[in-house]
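Each remark here refers to the structure printed beneath this line.
The values are calculated or read from the model by the stated rules, or taken from the named source; none is laboratory data. Predicted model, so just to flag it, every value in this text is computed and none were measured. FYI the Cβ positions are ideal-geometry reconstructions off the backbone, even for glycines, and counts take in every protein chain you see.
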Amino acid sequence: MSNQYNQYSDQPAYRRGLHRSATNKYVGGVLGGVAETYNIDATLVRVLFLLSFFLPGPQLLLYLVLWVVIPPAK
């Protein structure tokens, strides 16, 4: 089963490893990388992230930390 967004879709998510996307990114590639790792649509991940700003919490801080911590795609 192949996905045009994810070159690793034939591997389980735990073997792919979380990474920042080099191709599917708007700011830092964090949300695109999450979408590629778990084989879901990046637009859906981005919309859910934006909607999460209506809830209390450190969403922006979490994004910035993940941008620094998650390695870029190889």
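Sort out which residues of region 55-70 are in a loop (DSSP other than H, G, I, E, B) and over 19 Å from THR37 (Cβ atoms), and write them in order of number.
LEU55, PRO56, GLY57, PRO58
Any residue at all in region 47-60 that is surrounded by 11 or more Cβ atoms within 10 Å (Cβ to Cβ), at pLDDT 90 or above, under 10 Å from the mean Cα position of the chain (by Cα) and of a type outside the set (Gly, Ala, Ser)?
no
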